[in-house]
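A short write-up of the structure that comes next.
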Amino acid sequence: GGRMPMPNNHDSRQNQQQQPQQPLQMTQITQNPLTGQLEYTKQRISNGQLQPMGPPTQTIQRQEIANTVFRPSWNQPTMSLAELGERERAEAIQRSEAQKVAEAEAKFKPRRYEQLVRDGMEDDDKLVEASAKLDRAWDDWKEENPRGSGNKMSERGDRNF
């Protein structure tokens with residue numbers, strides 16, 4: 001009655017055979033007796049045989065290994081706060097200069113007549129003419145597109161869908 005079933009070893013071997021196994025990789029580090037440099041070779045074990053991976057032997061400096069051992073896991077800053085401040089200041093100066101140039105250019109571009117009056121430029125005939133044309137185009141657009149005539153859900157076109 002109270003016997004526990006024994007696991008079938010045959011089933012566990014089948015599960016292992018179905019999963020592709022990654023070959024075991026090995027890195028061998030040796031010190032060259034003549035030069036004192038560290039050399040490493042990467043090898044993979046497959047079918048019980050050692051097979052080299054990549055170049056046969058690569059040298060590495062002891063200092064390179066020491067530099068990577070106690071390296072922090074987060075990204076280190078690439079510039080000081082003073083350098084960042086200088087960069088931000090230079091960008092702010094560029095933006096303000098570009099804004100001044102854009103404002104100076106916009107002063108002589110066509111705009112609404114009320115804006116011309118506000119800026120005291122209503123006596124410039126070319127600007128008044130251009131603003132009248134702009135105002136007429138705006139009035140035409142407003143007549144063609146009355147308020148609330150946009151993309152309404154009630155007017156979907158074909159109501160068969």
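Qualifying chymotrypsin sites (Phe, Trp or Tyr not before Pro) in the stretch 50-132, where qualification requires a DSSP coil assignment and no more than 14 other C-beta atoms within 10 Å, comprise Phe70, Trp74, Phe108. What the stretch 26-157 shows is 88 Å² of accessible area per residue, with the surface traced by a 1.4 Å probe over protein heavy atoms. For the stretch 23-143, carbon and sulfur atoms together expose 53% of the accessible surface, with a 1.4 angstrom probe and every protein chain in place.
Model label points for Asn67 and Trp141, set 7 angstrom from Cα along the Cα-to-Cβ axis, are 5.9 nm apart. Each label point was placed 7 Å from the Cα along the Cα-to-Cβ direction; for Glu91 and Thr59 their separation is 4.4 nm. Rounded to 0.05, the FRET efficiency of the Ile45 and Ala82 pair, given R0 = 30 Å and the Cβ-Cβ distance, is 0.05.
The values are calculated or read from the model by the stated rules, or taken from the named source; none is laboratory data. Please read all numbers here as calculations on a predicted model, not as lab measurements. Glycine gets a Cβ as well: all are built from the backbone with ideal geometry, and neighbour counts include every protein chain shown. Just the protein is used for accessible areas: all its heavy atoms, side chains included, with ligands, DNA and RNA removed. Shrake-Rupley method; radii C 1.70, N 1.55, O 1.52, S 1.80 Å.
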